[in-house]
Amino acid sequence: MSQGPRSGLAAVSSALLAMSRHLEVRDVLKTIVASARELLDAQYAALGVPDDHGGFAQFVVDGVTDAQWKAIGPLPRQHGILAAMLREAKVERLADVRTDPRFEGWPSAHPDMSDFLGLPIRDGDEVIGALFLANKNCEKPEGGCGFTAEDEELLSILAQHAAIALTNARLYERSRELTIAEERSRLAHELHDAVSQKLFSLRLTAQAAAALVDRDPSRAKGELHQVAVLAAEAIDELRAAVVELRPAALDEDGLLATLRTQVQVLDRAHTARVTFAAAGFRALPAAQEEALLRVAQEALHNALRHSGAEHVDVTVNRRGGGAVLRVTDDGSGFDPHLTRRAGRHLGLVSMRDRASGVGGTLTVESAPGKGTTIEMEVPGG
């Protein structure tokens with residue numbers, strides 16, 4: 001066997017090992033794309049996972065900078081060559097994608113591409129994605145494609161294993177989401193049974209005290225003492241429930257992994273591009289990490305539900321011995337002062353309470369048409 005095929009198979013083996021290390025869907029997609037581009041020595045690689053509405057639920061690229069990707073704009077629709085790969089489920093190897101009759105152009109900021117190799121990723125009869133590469137780093141034959149039949153064969157092998165890795169990652173996430181849903185349901189029932197009974201007893205005892213206060217003050221005093229006891233027990237029940245409601249993933253995986261997973265889920269579920277980055281972070285006491293997580297969740301909810309943002313960025317960085325969380329969107333923005341006066345807090349009061357409760361601070365920067373940045377800083381433990 002020649003040196004070329006041996007090195008190719010070794011690269012495929014490395015790519016498969018890399019894919020097997022990840023469980024989250026987006027991590028698997030990124031690994032597939034990066035592995036394919038390296039394996040075939042191409043300038044650009046991308047993988048699209050279709051949704052049911054003519055677009056892509058996820059679209060991951062490699063070889064394009066963040067600035068370029070932001071300038072390109074919204075995710076592509078299923079048209080042209082991408083649609084053909086998804087619809088016809090066959091390999092496309094083209095000398096120049098721009099001259100193909102199915103080519104429908106691309107945004108002005110899109111990098112220029114010529115030779116092209118793309119193929120569907122299939123799970124049985126279902127097409128679950130489209131993987132493609134462009135601009136092979138080699139001398140192009142006159143009027144021909146830089147990608148070879150051997151490239152096509154290697155990419156087909158990679159795509160078959162990518163389908164397995166992607167399916168496994170989806171099953172893992174669905175299993176995890178189901179476990180979380182079941183746990184929430186269990187806690188809701190327990191909370192209802194324990195606390196509602198306690199509050200019902202408290203209410204009856206308070207009514208009895210009110211009825212006795214005039215005709216039998218001493219008995220009324222005893223009933224009021226019981227009210228205080230029941231109220232204290234109810235508070236203890238609520239505190240226990242809140243402790244149990246602390247996200248399991250936070251205890252198991254830590255703040256960064258939990259946030260990264262939640263951002264990935266939101267990125268898939270919404271049309272807005274949601275990203276996460278962290279640098280220099282060190283683990284903090286449990287209460288501080290939970291407060292950071294809850295503020296991030298509230299800020300993400302506001303950005304994705306109310307602002308109309310196209311991009312939402314979440315960052316966590318070390319600052320001194322503590323950390324700073326920042327959630328920034330390019331949405332409609334608002335006037336924080338007018339919002340406060342109008343009584344529409346968008347969760348800002350809750351976020352400030354969470355920050356102050358762990359010795360931190362919360363700042364809000366926003367203006368109509370200028371997007372919003374929520375920043376929370378907590379000290380070290």
Scoring only Lys, Arg, Asp and Glu (+1, +1, -1, -1) among other residues with Cβ under 14 Å from the Cβ of residue 45 yields -2
Burial order of peptide ranges 362-372, 112-122, 259-269 (average beta-carbon count within 10 Å, highest first): 112-122, 259-269, 362-372
Which order do peptides 210-221, 66-77, 279-290, 156-167 fall in by mean Cβ count within 10 Å, highest first? 156-167, 279-290, 66-77, 210-221
Roughly speaking, what is the stretch gain from residue 232 to residue 268, that is 0.36 nm per residue apart minus the C-alpha to C-alpha distance, in nm to one decimal? 8.6 nm
For residue 140, what charge total do you get from the other residues with a beta carbon under 12 Å from its beta carbon, if Lys and Arg give +1 and Asp and Glu give -1? -3
For a protection proxy built on the mean count of beta-carbon atoms within 10 angstrom, sort 94-105, 349-360 highest first, please. 349-360, 94-105
Under 12 Å from the 7 Å Cα→Cβ point of residue 365, by amide nitrogen: which residues of the stretch 310-338? 326-329
The summed charge of the residue 275 Cβ neighbourhood (under 9 Å; Lys/Arg +1, Asp/Glu -1) stands at -2
Could you pull out every one of the lysines with an alpha carbon less than 27 Å from that of residue 221, ignoring same-chain neighbours closer than 8 positions? 198
Please report the carbon-and-sulfur percent of the accessible area for the stretch 263-381; probe 1.4 Å, protein heavy atoms only, DNA, RNA and ligands left out. 50
FRET efficiency (residue 283, residue 108; Cβ distance; R0 51 Å; to 0.05) is 0.70
Distance from the Cα centre of the stretch 267-304 to that of the stretch 51-71, in angstrom? 21
Under 27 Å Cα to Cα from residue 136, which lysines show up? Leave out anything in the same chain fewer than 8 places away. 30, 70, 90
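The values are calculated or read from the model by the stated rules, or taken from the named source; none is laboratory data. Bear in mind that the values here come from a model prediction, so they are computed numbers and not experimental data. Please note: Cβ atoms are built from the backbone with ideal geometry, for glycine as well, and neighbour counts cover all protein chains shown. To get the accessible areas, we keep the full protein, side chains included, count just its heavy atoms, and leave off ligands, DNA and RNA. Shrake-Rupley method; radii C 1.70, N 1.55, O 1.52, S 1.80 Å.
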